[in-house]
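Working notes, structure below.
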Amino acid sequence: MYDPVRVRRDFPALDQNVNGKPLVYLDNAATSQKPRAVLDVLDAYYKRDNANVHRGIHQLSQRATVAYEAARSKVAGWIHAPDESEVIWTRGTTEAINLVAIAWGLDNLSEGDEILISVLEHHSNIIPWQILAARTKATLRYLEIDDEGRLVLDDLESVLTDRTKMVAISDVSNSLGTINPVKEITRAAHAVGAIVLVDGAQGAVHTRVDVQDLGCDFYAFSGHKLCGPTGIGVLWGRKELLETMSPFQGGGEMIHIVDRDESSWASVPHKFEAGTPNIAGAIGMGAAVDYLSNLGVEHIEAHEKEIMAYAMGRLLEVPDIRIYGPSSLEERSAVISFTLGDAHPHDISTILDMDGVAVRAGHHCAQLVMKHFGVSATARASFYLYTTKEDVDRLVDGLGQVTTIFG
Ligand code: 7TS
């Protein structure tokens with residue numbers, strides 16, 4: 001039986017008081033807390049095995065390399081990649097998307113070509129394409145969202161044309177929690193010959209993802225949102241594509257032979273991993289994937305569904321609350337964005353923080369979503385494997401105080 005209270009004990013950071021109250025951490029869409037299993041692996045790596053990878057014959061370098069490559073294989077398993085060499089370590093989702101925009105985009109796009117994204121995207125999946133469009137004279141187009149923050153799929157036929165070369169879409173929205181039908185979109189995009197990148201920053205963290213089943217060409221996600229360290233993430237790409245792409249950055253480790261005027265590149269994935277990588281980060285991300293797998297993703301998913309249903313029910317009891325995003329829980333991940341009467345979301349967050357309750361307030365790096373709903377910001381509570389019903393009750397109690405203060 002899955003017990004979030006027991007799971008919670010694995011996370012030292014959750015065991016503290018904030019402003020004199022036990023911490024309730026509801027900012028998991030921004031970053032998750034780290035279990036002892038991950039912290040211990042990082043500690044052990046630095047204490048025993050610290051060395052550079054792929055360069056040393058000596059024992060420590062060999063140990064570091066083995067652990068680093070084993071982590072790649074664990075992460076490949078997490079997303080069901082057909083081949084672990086298709087997993088490229090990056091700093092995170094943002095760098096993974098920029099890698100594709102630069103290394104694939106600059107060589108493959110020109111005037112008249114189109115890139116399709118959506119209004120729902122995090123800025124990380126907008127700005128790299130804006131920059132690329134400006135540099136290549138390609139056109140950036142958007143899939144719109146409806147009043148419940150769902151993609152308007154009826155528009156797909158008109159926005160996808162034989163000019164569309166790239167479709168970049170999130171599988172789960174960070175600002176609203178909307179779960180997008182990426183499989184369907186991928187099929188439609190491939191039918192017109194476009195490449196598909198999925199921004200999985202909020203997708204691969206609550207559940208296993210199957211990139212082969214999704215059928216996409218690239219999948220990007222971050223370690224820090226799935227119990228791993230910051231500064232590490234993954235770009236998965238189909239090998240045939242990765243092999244045709246130019247390098248992203250030049251430096252050590254990404255070369256085959258260097259000559260004065262010309263050099264040749266290492267094979268995939270090393271071609272895209274210039275310089276000393278985030279070795280500890282990669283190993284930590286591998287440990288995070290192990291931790292989640294050991295708990296059982298199906299249990300985590302079931303728990304989060306229960307918490308979402310409970311939270312939605314309790315929050316809807318709060319007078320003057322406005323909740324954004326799909327009304328059907330089936331179409332939602334573990335995120336609830338809301339506003340409360342005329343209270344500014346920053347004030348909501350400040351009052352909750354006085355009560356030890358951490359939520360995020362702001363535009364959530366999704367200004368186009370805010371604009372769609374005619375607000376400048378929302379408050380956002382996001383749940384994870386250790387969230388309890390008591391945490392939700394503390395949030396609702398805190399909102400009661402907001403109402404008292406703001407009338
Ligand atoms: N894409 C989505 C859907 C995200 O939610 C985020 C981070 C990113 C990309 C960027 O990930 P990074 O790890 O490279 O920064 N989202 C959030 C958030 O919602 N609050 O803080 C970061």
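Using the charge dipole of the chain (Lys, Arg: +1 at Cβ; Asp, Glu: -1 at Cβ; taken about the Cα centre), state which of 44, 308, 364 has its Cα farthest towards the positive end. Final value for the positive-end residue is 44. For the stretch 131-175, the average shadow cast by the Cα convex hull is 4.1 nm², which is a quarter of the hull's surface. Using only alpha carbons, the chain has a radius of gyration to Kirkwood radius ratio (Rg to Rh) of 0.98. Between residue 397 and residue 17, residue separation times 0.36 nm minus the direct Cα-Cα distance comes to 135.1 nm. Placing unit charges on the Cβ atoms only, positive for Lys and Arg and negative for Asp and Glu, gives the stretch 1-59 a dipole magnitude near 80 debye about its Cα centre. Phi angles of the stretch 143-154 translate, via the Karplus equation with coefficients 6.51, -1.76, 1.60 and θ = phi - 60°, into HN-Hα couplings of 8, 7, 10, 8, 5, 9, x, 9, 4, 8, 5, 4 Hz per residue; Gly and Pro are given as x. Bridging of residue 305 to lysines at a Cα separation below 20 Å is possible for 225, 389, once same-chain residues fewer than 8 apart are set aside. Taking max minus min of the alpha-carbon positions on each principal axis, the stretch 158-215 gives extents of 34, 25, 14 Å, largest first.
Across the options 269, 53, 96, the greatest Cα extent toward the positive end of the charge dipole of the stretch 38-293 (unit charges at beta carbon of Lys, Arg, Asp, Glu) belongs to 53. For the chain, a crude dipole built from +1 on the beta carbon of Lys and Arg and -1 on the beta carbon of Asp and Glu, taken about the Cα centre, is about 1000 debye to the nearest 20. On the principal axes of its alpha carbon atoms, the stretch 66-199 extends 48, 35, 26 Å, with the longest extent given first. Apply the Karplus parameterisation 6.51 cos²θ - 1.76 cosθ + 1.60, with θ equal to phi minus 60°, to every residue of the stretch 244-252 and state each ³J(HN,Hα) to the nearest whole Hz, in sequence, with x for glycine and proline. 3J(HN,Hα) across the stretch 244-252, in whole Hz: 7, 7, 6, x, 8, 10, x, x, x. Shown for the chain are the DSSP H helices of 18 Å or more along their axis, judged by Cα atoms, with a mean Kyte-Doolittle hydropathy of at least 0.0: 279-295.
Between residue 30 and residue 187, the modelled label-to-label distance comes to 3.9 nm, taking each label 7 Å out from Cα in the direction of the beta carbon.
Looking at the stretch 38-293, the DSSP beta bridges with both ends there are about 45 percent antiparallel. Note: relative contact order over the stretch 38-293, using C-alpha pairs below 8 Å and six or more positions apart, is 25 percent.
Taking each residue as 0.36 nm, the span from residue 9 to residue 140 lengthens on full extension beyond its C-alpha to C-alpha distance by 42.5 nm.
Highest mean first, the peptides 360-366, 232-238 sorted by other C-beta atoms within 10 Å per residue fall in the order 232-238, 360-366. Each 10 Å bin from zero holds the following percent of Cα-Cα pairs in the stretch 230-316: 14, 28, 24, 17, 12, 5, 1.
For the pair residue 350 and residue 260, the difference between a 0.36 nm per residue extended length and the Cα-Cα distance amounts to 26.6 nm.
Once both labels are positioned 7 Å from their Cα atoms along Cα-to-Cβ, the gap between residue 375 and residue 328 label points is 2.3 nm. A simple charge model with +1 on the Cβ of Lys and Arg, -1 on the Cβ of Asp and Glu and nothing else charged puts the dipole of the stretch 195-254 at about 200 debye relative to its Cα centre.
Every number here is computed from the coordinates shown, using simple stated rules; none is lab data. No experiment lies behind these values; they were computed from the predicted model shown. Ideal geometry is used to build each Cβ from the backbone, glycine not excepted, and the neighbour counts take in all protein chains shown.
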